[in-house]
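J.: One structure, pasted below without further comment.
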Amino acid sequence: MATVQRAERLPQCSRCGGDLIISAVAPKDDAQGRPIHLELCAACDTGDPHRPAAGLLAQYFADGGGHDLSRSEEGATLLMDWTRECMAAHGWWQDPGTPPPA
């Protein structure tokens, strides 16, 4: 069973060392048995053409969407798109209409 744990402080981004918006551990380990950390970073993911869903979710939070209940459906959709994008990057999601990540 998956659990959500809230923390006062997230780890730093493994790519740039900046502040993360979301940090999660995938329910499946990598090929070497190590946990896969899924990170959403405003600095790294906003505007990255290879991670469009991550960029849109980062922009949603930057625009205050996470504090606007009227935008909760939009946030849920963006979060699901980001999750699929992360899963696809590790070969766990294949959408016939979407090219594989670069």
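J.: What number comes out for the charge environment of LEU10, summing +1 per Lys or Arg and -1 per Asp or Glu over other residues with Cβ under 13 Å away?
T.: After counting each charged neighbour, the total is -1.
J.: Here's something else I'd like to know. Given a 1.4 angstrom probe, what's the average accessible area per residue across the chain, in square angstrom?
T.: Counting only protein heavy atoms, the per-residue value for the chain is 73 Å².
J.: Taking amide hydrogens as modeled 1.01 Å from N in the peptide plane, which residues meet the under 5 Å criterion relative to LEU20, leaving out close sequence neighbours?
T.: Amide H to amide H, under 5 Å and 5 or more residues apart or across chains, LEU20 pairs with CYS13.
J.: For the residue pair LYS28 and SER72, what label-to-label distance in nm results when each label sits 7 Å from Cα along the Cα-to-beta-carbon direction?
T.: The modelled label-to-label distance comes out at 3.1 nm.
J.: Counting C-alpha atoms alone, how compact is the chain: give Rg to one decimal and Dmax as a whole number, in angstrom.
T.: 13.9, 42
J.: Would you mind finding the longest exposed-site-free stretch of the chain, with exposed trypsin sites (Lys or Arg not before Pro) meaning DSSP loop and at most 16 other Cβ atoms within 10 Å?
T.: Formally, the longest exposed-site-free interval is 16-102.
The values are calculated or read from the model by the stated rules, or taken from the named source; none is laboratory data. Only a predicted model underlies this, so the values are computations on that prediction, with no experimental measurement involved. Neighbour counts run over all protein chains shown; Cβ positions are idealised from the backbone, glycine included. SASA here: full protein model, heavy atoms, side chains in, ligands and nucleic acids out. Shrake-Rupley method; radii C 1.70, N 1.55, O 1.52, S 1.80 Å.
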